[in-house]
1. Is it true that VAL87 is touching a strand residue (DSSP E or B) at 6+ places or on another chain (Cβ under 8 Å), surrounded by 15 or more Cβ atoms within 10 Å (Cβ to Cβ) and closer than 14 Å to GLY27 by Cβ?
2. Assess whether ALA82 counts as being crowded, with 19+ Cβ neighbours inside 10 Å, out of contact with any Lys or Arg (no Cβ under 9 Å at 6 or more places or on another chain) and modelled with pLDDT of 90 or more.
3. Could you check region 6-34 and list, in sequence order, the residues that are within 12 Å of the chain's Cα centre (by Cα) and exposed (fewer than 15 other Cβ atoms within 10 Å of the Cβ)?
4. If I go through region 120-146 residue by residue, how many of them are loosely packed, with under 10 Cβ neighbours inside 10 Å and not in a loop (DSSP other than H, G, I, E, B)?
5. Go through region 147-186 and report how many residues are of a type outside the set (A, V, I, L, M, F, W, C) and in a strand (DSSP E or B).
6. Are there any strands (runs of 3 or more DSSP E) wholly within region 1-111 with 2 or more residues that are of a type in the set (Val, Ile, Thr), and if so which?
7. Please state which one of VAL87, VAL171 is modelled with pLDDT of 90 or more and in contact with a helix residue (DSSP H, G or I) (Cβ under 8 Å, 6 or more places away or on another chain).
Amino acid sequence: MSSFPPLKPAELPADAVEVGRIADAWGVKGWFKVQAHSASPEALFAAPQWYLQPSEKGAKTFSGTVLLEPRQTRTHSDAIVASAQGVEDRNAAEALRGARIFVSRAFFPQTAEDEYYWVDLIGLDVVNREGVALGRVRELLSTGPQTVLVLAYEEDGKARERMIPFVSAFVDKVDLPGKSITVDWQPDY
């Protein structure tokens with residue numbers, strides 16, 4: 001009935017950021033559900049091209065990076081659904097299940113002053129006002145009322161973790177070009 005969707009091999013752009021995954025087929029006409037990595041997935045809606053890579057686990061129906069051109073992307077209830085060129089029926093949509101979706105950073109909306117994309121904060125070095133290194137941002141957690149920086153550092157030859165609320169009361173400065181964050185925090189907190 002259906003063949004695997006015709007996907008073109010592509011080169012992942014240097015500024016590509018993973019923005020979501022294809023969760024499952026939706027309906028019988030080739031639509032699929034998308035699990036966005038952001039509560040505000042504007043880049044997913046704005047990008048005319050998505051770059052797909054297979055999931056790290058599970059069945060892989062393609063390899064490398066391929067190009068997918070979305071026709072329509074919209075919210076439906078509490079999910080995001082999309083259709084794309086060449087994905088014409090449920091079987092073709094199911095073949096994409098688990099694929100990781102990347103878009104070029106050029107399609108991200110501009111941030112306001114003192115707003116940052118999480119992806120830009122990961123890997124930054126964190127120091128306190130006294131210049132003491134507290135660790136490197138490994139990930140960020142949303143705890144509801146605030147976001148928390150999760151830092152990785154080493155002490156006594158052991159890998160450790162430190163958490164600092166990412167709020168103005170503790171964060172003095174984010175220096176993206178300098179790849180650092182200055183905080184009002186002590187190592188023994």
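1. Answer is yes for this residue.
2. no
3. GLU18
4. Qualifying residue count for the region: 0.
5. Number of matching residues: 14.
6. 16-25, 70-76, 79-84, 100-104
7. Selected residue: VAL87, the only one of VAL87, VAL171 that is modelled with pLDDT of 90 or more and in contact with a helix residue (DSSP H, G or I) (Cβ under 8 Å, 6 or more places away or on another chain).
Let's see how each residue does on (1) assigned by TED's automatic domain parsing to the domain that holds LEU52; (2) in contact (Cβ under 8 Å) with a residue 24 or more places away in the chain; (3) touching a Ser or Thr at 6+ places or on another chain (Cβ under 8 Å); (4) farther than 22 Å from LEU44 by Cβ:
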| site | (1), (2), (3), (4) |
| --- | --- |
| ASP89 | yes, yes, yes, yes |
| GLU94 | yes, yes, no, no |
| VAL103 | yes, yes, no, no |
| ILE122 | no, no, no, no |
| GLU154 | no, no, no, yes |
| ALA159 | no, no, no, yes |
| ALA169 | no, no, no, yes |
| ASP172 | no, yes, yes, yes |
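The values are calculated or read from the model by the stated rules, or taken from the named source; none is laboratory data. Model, not experiment: these values are computed from the prediction. For neighbour counting, all protein chains shown are included, and Cβ atoms are generated from backbone atoms with ideal geometry for every residue, glycine included.
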